[in-house]
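The values are calculated or read from the model by the stated rules, or taken from the named source; none is laboratory data. Note that the structure is predicted; figures quoted are calculated from it, not measured. With ideal geometry, Cβ positions are generated from the backbone for all residues, glycine too; neighbour counts draw on all protein chains shown. Remember, those area values only see protein heavy atoms, side chains included, never the ligands or the DNA or RNA. Shrake-Rupley method; radii C 1.70, N 1.55, O 1.52, S 1.80 Å.
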Amino acid sequence: MVIRAEGGVAQTEIRQRNLSRMLLELHLSGPLSRSELATELRLNRSTVASLIGELAARGLVWERSRTKGLPQAPGRPSPVVELRRDGPGALAVDLSTDWIGAAVIGLGGAVIDSTRRDRSLANSDPVQIVDELHGLVRPLLDRTADGPRIVAIGVSVPGAVRAHDGHLHHAPNLGWRDVPMGDLIRERFRDLNLPVFVGNDADLAASAEHLRGSGRGSDDFICLWGEGGIGAGFVIGGLALGGAAGYAGEVGHLTVDPNGNLCHCGSRGCWEAEVGEEALLRRSGRDPLGGTIAVADLLAAADRGDKVALEALAESGRWLGIGLAGLVNVFNPTRVSLGGLFARIFPYVREAVVRELDSRAMPAPRAMVELTTALLGANTLLLGAAELALAPTIYDPTIVPLSDDSARGDPDRWRPRRTSGVERIQSQAAQPRR
């Protein structure tokens, strides 16, 4: 009896894993035929049919006939499996230094609708910001009422976030310390009765870019994200690097000049104090707190050949290259992607960055690394927040109730298990395609 029970558990786990693999494949690759799914997942057709049937019963996918004109293998036509537009989705939130943003995003990374309010969050009241967010989000949810079923809220913030409960330990550029961000948003949106997941902006940028953008196909990837401050998200050996509590990646607070400028974190000579937005604007003679408008003005001046603007960008590029060389030496990535502010200024600082990288990085790891920019643009952090919120569903689709499941309204059904999360999704996504 014990052997049969253990066998039953194993079969259940295998099926759950295969459901997850299939949902992830559709999430990353888009519509696929039954035969394509069988090939990609290395499963027989009867198993694929059974898995599709369960995902359909849980409202995750549907099948349609292959569109005329598309290639078709000989034999009986294979139906195409698609994610349902009205399936599970996330309310994604981006609390950046210079704006509040939100979007409704479905499985497959479909951005159904989004909204944004430009305003400085520096030294603001977190409770007030969450109130503003609520006012911004309500019309968005009304407009997308016929879209995905929102099953969780994912939040991106520029600071050190404790992974298990969304506690924001410190966001130096916002002036926030020890903010129970997950609890604040959960309480303010209590009418939605949804779980809330909070992540560091650079970590979420790395997640989104690794799965859908500039990091796809690279198992050793760094996304350097700059909007106000600077942070990095790391994918090492196909897995996200989070640290003991989720605080890893605060590279902006590595000391690069012991006698350098004061940093918002309280230290002196941090990389962020030399290469962040405020440092760039200060060098150009602009208001350090001028935000995205001042940066746009600086770049416009550089396009006109303004000497002061070009020199300020070159100096920031020099410091950017100095720090990047250290990261390349330590982590030996195959790809480094620059996002946010750094993507916008890269055309102006490329020469300075590459010069420092070539002269300071060790030759062997330098020869292996490709330097690029983020591909997902303004939606990067929102897509990362959505991945965080949808990870439990993708990891275990059985948490989505069947049509007659009485637990449909229970938010605890959507909370991640200890073994779930973006790291597991990335691990599956990183497996070689056959």
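Give the residues of segment 260-293 that are crowded, with 19+ Cβ neighbours inside 10 Å and part of a helix (DSSP H, G or I), sorted by residue number.
Trp271, Glu272, Ala273, Glu274, Val275, Glu277, Glu278, Ala279, Leu280, Leu281, Arg283, Gly291
Out of everything in segment 141-196 that is over 20 Å from Ser124 (Cβ atoms) and acidic (Asp, Glu), what residue ends up being most open to solvent (accessible area, probe 1.4 Å)?
Only one residue tops the list, namely Asp146.
Report yes if some residue within segment 308-315 is at pLDDT 95 or above, buried (at least 23 other Cβ atoms within 10 Å of the Cβ) and of a type in the set (Gly, Ala, Ser); otherwise report no.
Yes; the residues of segment 308-315 include at least one that is at pLDDT 95 or above, buried (at least 23 other Cβ atoms within 10 Å of the Cβ) and of a type in the set (Gly, Ala, Ser).
Does Ile222 qualify as being farther than 26 Å from Val369 by Cα, open to solvent by less than 10 Å² (accessible area, probe 1.4 Å) and touching a Leu at 6+ places or on another chain (Cβ under 9 Å)?
Against the criterion (farther than 26 Å from Val369 by Cα, open to solvent by less than 10 Å² (accessible area, probe 1.4 Å) and touching a Leu at 6+ places or on another chain (Cβ under 9 Å)), Ile222 does not qualify.
If you take the residues in segment 249-272 that are of a type in the set (A, V, I, L, M) and out of contact with any helix residue (DSSP H, G or I) (no Cβ under 6 Å at 6 or more places or on another chain), which one is nearest to Arg318 (Cα to Cα)?
Val251
Quick check on my filter: what residues within segment 321-362 are assigned to a helix (DSSP H, G or I), of a type in the set (Val, Ile, Thr) and open to solvent by less than 40 Å² (accessible area, probe 1.4 Å)?
Within segment 321-362, Ile322, Val328, Ile345, Val349, Val353 qualify.
Take the residues of segment 363-406 that are open to solvent by 50 Å² or more (accessible area, probe 1.4 Å) and under 15 Å from Arg149 (Cα atoms): which is modelled with the highest pLDDT?
For segment 363-406, the residue satisfying everything is Leu402.
Yes/no per residue for (1) in contact with a strand residue (DSSP E or B) (Cβ under 8 Å, 6 or more places away or on another chain); (2) assigned to a helix (DSSP H, G or I); (3) among the charged types (D, E, K, R):
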position	(1), (2), (3)
Asn123	no, no, no
Leu133	yes, yes, no
Val137	yes, yes, no
Asp142	no, yes, yes
Gly147	yes, no, no
Ile153	yes, no, no
His169	yes, no, no
Glu187	no, yes, yes
Ser207	yes, yes, no
